[in-house]
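Each remark here refers to the structure printed beneath this line.
The values are calculated or read from the model by the stated rules, or taken from the named source; none is laboratory data. Small disclaimer: the values here were computed from a predicted structure and weren't measured. Positions of Cβ are generated from backbone atoms using ideal geometry, with glycine treated the same way; all protein chains shown enter the neighbour counts. Surface accessibility is based on the protein's heavy atoms, side chains included, excluding ligands, DNA and RNA. Shrake-Rupley method; radii C 1.70, N 1.55, O 1.52, S 1.80 Å.
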Amino acid sequence: MTIASPRSPLTPHLARLEAESIAIIREVAASFRKPVMLYSIGKDSGVMLHLALKAFAPGKPPFPLMHIDTTWKFREMISFRDAMAKQVGMELLVHTNPDGIARGINPIASGSALHTQVMKTEALKQALDKFGFDAAFGGARRDEEKSRAKERVFSFRGPGHSWDPRAQRPELWSLFNTRIRDGESIRVFPLSNWTEYDVWDYILAEDIPVVPLYFAKPRPVVKRSGTWIMVDDERLPLESGETPEMRMVRFRTLGCYPLSGAVESTAANLPDIIAEMRAARTSERQGRLIDTDEDASMEKKKREGYF
Amino acid sequence: MAAPAQHELLRFLTCGSVDDGKSTLIGRLLYDSQLIFEDTLATIAKDSRKHGTTGEDIDLALLVDGLEAERQQGITIDVAYRFFATPRRSFIVADTPGHEQYTRNMATGASNASLAVILIDARKGVLTQTRRHSFICSLLGIRDIVVAVNKIDLVNFDEATFDRIVGDYVTFAAELGFRSIVPIPISARFGDNVTAKSGNTPWYHGPTLLAHLEGVDVSQDLSAKPFRFPVQWVNRPNLDFRGFAGTIASGTVAPGDQVVVAASGKATRVARIVTAEGDLDRAEAGQAVTLTLADEVDVARGDVLARPAERPAVADQFAAHLLWMDEEPMLPGRGYLMRIGNVWTPCSVTSIRHRVDVNTLEQHAARRLALNEIGFCNFSAGQAVPFDPYEENRATGAFILVDRFTNRTAGAGMIAYPLRRASNIHQEHFTIDKASRAALTGNRPIVLWFTGLSGSGKSTIANIVEQALHRAGRATYALDGDNIRHGLCRDLGFTAEDRVENIRRVGEVAKLMVDAGMIVMCSFISPFRAERRMVRDLLGAGEFVEVFVDTPIEDCIARDPKGLYAKAQAGQIKNFTGIDSPYEPPEAPELHIRTAGRAPEDCAAEVLEKLRAAGVRC
C-alpha cells in the first residue's frame, strides 16, 4: 500500500518521535531471527503499524502482525482489524487460548484478573512459543502507568517470558543490546517516548485510520461501578432491573468490551477528540477496569509476562 | 491542557540524591503544568498517607517513584522517564538516582539528555555527590547545566547563602567544560521559582526553572557537523530496488552528493533519498531515511557513509573512557562484544591507563574496573571500525560492551581518539602459509585445550596423547601451565587479571604453532569461560578442541600430586582454583572426559578417537 500524504507537516517534536520509532522498528528487523508485531487494534497499535509501513517503504515490513483474541473484543474492533490487515497487505495471525475457551474463562464470570491472566497473558505466551518469535513489538508507552515509566525500549524476557525488573539492561544512547540466547526473547516498545497527546496529534497529522469506537455515537450502555459499559452483544448478562440505554459515548482505550468503560462525549471527529482530551482531568487508564485491582497491579502482571 | 508543542523536544536529566528533593521537583513540574490527572492524584493522596513523608500534604515525590520496591524504600533505584508539555515545548525528564552505587543509572539517563538539572540542598551546599553528578554529566557530553539550589525556604531565602553555593559550584566546575551554568534558587516542595516567580526571593532576577527550560537553546547543531550515515538495514524489497536505511547521525545529505564507505574507502554518489511520502531534496541529522546510491558498491549494515573530505577515523585500536556497569568486574585482556553504531565486534581492553575517582576526579592506577567505576583505557577491537571522538559526535563516538556469556550490557564507552599503532603496523604476507606447512608434514593443525582443576590429570593425559601422535609421525608440541609460568609468563601471578593475561599469551603462542602446522596440546586450568572462548576465537573453525578433564575436586585433593591443595587449604596459597577461586566448567566442550575410576590411558584413547574423527591421522 502507499501511505497517504499527511494533512499537515509534522511538528519538530512529532518528526523526532517518528524518526526514533522508525529506527527502533528497523533495528528489530535487522537484529532478530523472527520478529512479530503485536496488533491490538487500538490507536497505539495503529500508529505503530503506520510507522512500520513507513520504516520499510518502498517494501513491506518483514514480519507478520499478530492479534491475541480473547473473543471478547468489540465486534467493530474485529472487523476493523481484518480490514486493516487486508489494506496493508501484511500477514495477520490470530491466536486464542484454547485452554481458556475449554475452561469457559470469560471476563464476567471469571473476573477481570483471571480473564486477563488466561486469555491475554497466557495466550500471548502460547502464541509466541508456538511460532517461535524471538522479538515482539508492543504499543505500550512510558507515560501510561508508573511501572511503565522505567520500562526499556528493548525489554528483556527470560525463559518462560518472565520479566525481572532487576535483570533489565541499561540502555544508553540508541545502542540497543539485542543479544539473546535460545529461549529468551525481547519485547520492543517503539512508542516508549510518545504520550497520549502525541499519539492523537500524530493520528490527525498523518490521517491514520482508527476504530470508530473512539468517536462519540449513540450506543447501548449500562452503568456499572460508575462507568458506562457497552452492551456489544447478548453475552453481557443484565442485572435485574437493568436495561440498556442509548447514550452518546466514546472510548479512550479499547479492550474486552465488558472491561472497557465508555465516557459520555459528543466528540465525533479527531479535532474534537483532541480538544476533549486537552480539557480532560482523568487519565486514559481510568477506563480500564483491569488496572484498578491493586496499585502495583501492572508491575505484577508484567512479571507474569503481560505486555 | 497544552496545545501541540511547536518547539523542539527537550530531553533533560535531574541529578540529586534522595534527600535533595529531586522526585519532589519533578512531581512539582508535572503538578504545576497540570499534567496530573484526577485519578492519578487520588492514588497519590492515598499513598501519601501510607508511604509519604509530608504528613497530610500530598507527597509529590510519590508521583514519580515507580516500582513498588522503590515506593516502599523511598528511593529511586532505576531510571524513570517522565513526560510533560507546555505550550512552548515538550519535555522528557530522565529521573535518575544519585547515590554512587547508581552511577550507571545516572549515566544511562545522561546519555540521551542534552541538559542536566543538578540539585543542591541549600543547607548543605556543594557536596561530594554534586561533584560526582557534574563529572558524569560532563563525561556523557552534557554541556548545559542548571544548578537548582533547592530548599531555599529552609535557609530563609537567604541571598548570601545562594551566592556562596553558586560561587563554589562555578569554581569547581571550571574544568568540566560546560557551555552554560544557570543557577536558580527554588523550593520544590512549595513551588518557589519552579513554575512561578517567588515573592520570597526578590533578590533573584533570573527566570523560573520552567521558563528557563522552555527557552534554553541546547541545540548541538548536529546538522552543521560532518555527514555520518550509519547503515542500519539494507532494504531490498525486489531486484530493482536496493536502498540503505538508517538515521542520519550528523550533517546533511542531498541527491548527487559524493560519499564514501568509511571502512573500505569505496566512493559513489547519493542517487535518491527515499521516504514513504516520496523522495526528498535534502535530509538532515535526526531523520530516518533510505538512501540509494549511484553505483553498485558493497555496503552492508554497520557501514558508515561519509563525505570523501570529512571521513571518520577507522581503526581497531583506540583510547576511550569506560564506565563499568556489571557486577562482574572488567579485566584487561578478557573478550567482550562491542556494539558501536550498527557494528558488533569482539573487543577487549588492552590496558587501563587510569581509573577516575568519581568523587574527587583524581586519577589512580588500576588493574580492573568494578561496578560503577570509570577508567580511561586502551581498546583493541576484532575489526577496524569507523568512529569520531565522543566529544565531537555522541552518536558515532559511543559504544557499549556486552558480556559474551550473560549478554548483559556491561560497559559504556566514549571514544577519545584512535591509537596510531594499528595503522602503522601492517601485516606482512608470506607465500608459504599454514596449509603448505601442514601439507609437508601431513598434519592437520589443531589445538587440544585441556581444561580442568589442578591435579585433574590434564598433563598426564596430554602426555600420553602426545606420545601416540609422535609414534604416528605427527608434529606436536605441548604447552603446559607449569612450564609456561617458568618462562613466557613468569612475571604473572594468580589474580584474575593475571590469569586472563596468562591465557591470552598461551593462546597467541598456540595460534603461531597451529600456523606452523603443528598439533598443540595445551594443559591449563584456565578456569574462566571467557578466556577459553578468547582462545577459541583466535583460531579458525575446527582448530580448537576443548577437552574438559572432569575430575571431582575430592579426587584432586586426595591425589594432590604437588601438595598444592594442602597448602591452599592451609591458607599458604591464595587464589587457588577450586578452593578460594572459582572454576567455570565448559558448557559445550568438544570432549567431556569424566576421569573418575578410569585409567589415564583409557581417557587418552578417547582423545585420540576424537582426533581421528577430526581428520588427524594417528
Q) Do we find that A:Val188 is modelled with pLDDT of 95 or more, more than 12 Å from chain B (Cβ to nearest Cβ), within 22 Å of A:Arg26 (Cβ to Cβ) and in contact with a Phe, Trp or Tyr (Cβ under 6 Å, 6 or more places away or on another chain) in this structure? A) yes
(Q) Here's a check for you: in the stretch A:43-81, which residue that is charged (D, E, K, R) and within 16 Å of the chain's Cα centre (by Cα) is nearest to the other protein chains (Cβ to nearest Cβ)? (A) A:Asp44
Q | Cβ pairs under 7 Å, 6+ apart, first in the stretch A:154-170 and under 12 Å from B:Asn407 (Cβ atoms), second of a type in the set (A, V, I, L, M, F, W, C) and surrounded by 20 or more Cβ atoms within 10 Å (Cβ to Cβ) | A | A:Phe154/A:Phe176; A:Phe154/A:Ile186; A:Phe154/A:Val188; A:Phe156/A:Ile186; A:Ala167/A:Phe156; A:Arg169/A:Phe156
Q: Return yes when A:Arg169 is open to solvent by less than 30 Å² (accessible area, probe 1.4 Å) and either among the basic types (Lys, Arg) or assigned by TED's automatic domain parsing to the domain that holds A:Tyr39 (or both) and no when it is not.
A: yes
Q: Keeping to the stretch A:101-119, report how many residues are free of Cβ contacts under 8 Å to residues at least 40 places away in the same chain and farther than 22 Å from A:Phe133 by Cα.
A: 9
Q) Looking only at residues in the stretch A:10-26 that are in contact (Cβ under 8 Å) with a residue 60 or more places away in the chain and more than 21 Å from the chain's Cα centre (by Cα), which one is farthest from the other protein chains (Cβ to nearest Cβ)? A) A:Leu10
Q: Could you please give the count of residues in the stretch B:344-375 that are more than 14 Å from chain A (Cβ to nearest Cβ) and either open to solvent by 60 Å² or more (accessible area, probe 1.4 Å) or not in a strand (DSSP E or B) (or both)?
A: 16
Q | Count - residues of the stretch B:378-398 that are farther than 11 Å from B:Gln317 by Cβ and buried (at least 20 other Cβ atoms within 10 Å of the Cβ) | A | 10
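Table: residues versus (1) under 29 Å from the mean Cα position of the chain (by Cα); (2) open to solvent by 70 Å² or more (accessible area, probe 1.4 Å); (3) within 30 Å of B:Leu564 (Cβ to Cβ).
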residue	(1), (2), (3)
B:Gly413	yes, no, no
B:Thr431	no, yes, no
B:Ser459	no, no, yes
B:Arg504	yes, yes, yes
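Would you call A:Met119 within 23 Å of A:Glu234 (Cα to Cα), touching a Ser or Thr at 6+ places or on another chain (Cβ under 8 Å), buried (at least 19 other Cβ atoms within 10 Å of the Cβ) and aliphatic (A, V, I, L, M)?
So A:Met119 fits the description; yes.
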Q: Spot the failing condition for B:Phe162; the list is (1) open to solvent by less than 10 Å² (accessible area, probe 1.4 Å); (2) modelled with pLDDT of 95 or more; (3) not aliphatic (A, V, I, L, M), and only one is missed.
A: (1)
Q.
Take the conditions open to solvent by less than 30 Å² (accessible area, probe 1.4 Å) and either within 30 Å of B:Glu310 (Cα to Cα) or in contact with a Cys (Cβ under 6 Å, 6 or more places away or on another chain) (or both) and apply them to B:Leu209. Does it pass?
A. no
Q: Scan the stretch B:248-288 residue by residue and report those that are part of a strand (DSSP E or B), surrounded by 21 or more Cβ atoms within 10 Å (Cβ to Cβ) and in contact with a helix residue (DSSP H, G or I) (Cβ under 6 Å, 6 or more places away or on another chain).
A: B:Ser250, B:Ala288
Q. Before we move on, is A:Tyr202 within 14 Å of another protein chain (Cβ to nearest Cβ) and of a type in the set (Phe, Trp, Tyr)?
A. yes
Q) Give me the pairs: first residue in the stretch B:6-25 and in a helix (DSSP H, G or I), second residue at pLDDT below 80 and of a type in the set (A, V, I, L, M), beta-carbon distance under 6 Å, and six or more apart or on different chains, which are they? A) B:Val18/B:Ile75; B:Ser23/B:Ala61; B:Ser23/B:Val64; B:Thr24/B:Leu60; B:Thr24/B:Ala61
Q: For residues that are open to solvent by 50 Å² or more (accessible area, probe 1.4 Å) and facing chain A (nearest Cβ under 8 Å), scanning just the stretch B:216-237, find the one that is farthest from B:Pro308 (Cα to Cα).
A: B:Pro237
Q) Restricting to the stretch B:394-421, what's the tally of residues that are closer than 12 Å to B:Pro312 by Cβ and within 11 Å of another protein chain (Cβ to nearest Cβ)? A) 3
**Q.** Where B:Ile145 falls short, out of the listed (1) buried (at least 22 other Cβ atoms within 10 Å of the Cβ); (2) in contact (Cβ under 8 Å) with a residue 60 or more places away in the chain
**A.** (2)
Q: Find the residue count for the stretch A:114-153, including only residues that are over 30 Å from A:Tyr197 (Cβ atoms) and away from every other protein chain (no Cβ under 14 Å).
A: 16
Q: Name, by its number, the condition in (1) of a type in the set (Val, Ile, Thr); (2) at pLDDT below 95; (3) open to solvent by 10 Å² or more (accessible area, probe 1.4 Å) that does not hold for B:Val155.
A: (2)
(Q) Could you check the stretch A:82-112 and list, in sequence order, the residues that are of a type in the set (Asp, Glu) and either more than 19 Å from the chain's Cα centre (by Cα) or closer than 16 Å to A:Phe137 by Cα (or both)? (A) A:Glu91, A:Asp99
Q) Going through the stretch B:291-343 one residue at a time, which ones are open to solvent by 40 Å² or more (accessible area, probe 1.4 Å), under 17 Å from B:Gly382 (Cα atoms) and either within 13 Å of chain A (Cβ to nearest Cβ) or among the basic types (Lys, Arg) (or both)? A) B:Arg301
Q | Tabulated pairs, the stretch B:253-275, first on the phi > 0 side of the Ramachandran plot and outside the structural domain of B:Ala384 (by TED's automatic domain parsing), second modelled with pLDDT of 95 or more and in a loop (DSSP other than H, G, I, E, B), C-beta under 9 angstrom, 6+ apart or interchain | A | B:Gly256/B:Ala294
Q) Of all residues in the stretch B:470-482, how many are open to solvent by 30 Å² or more (accessible area, probe 1.4 Å) and over 27 Å from B:Leu440 (Cβ atoms)? A) 1
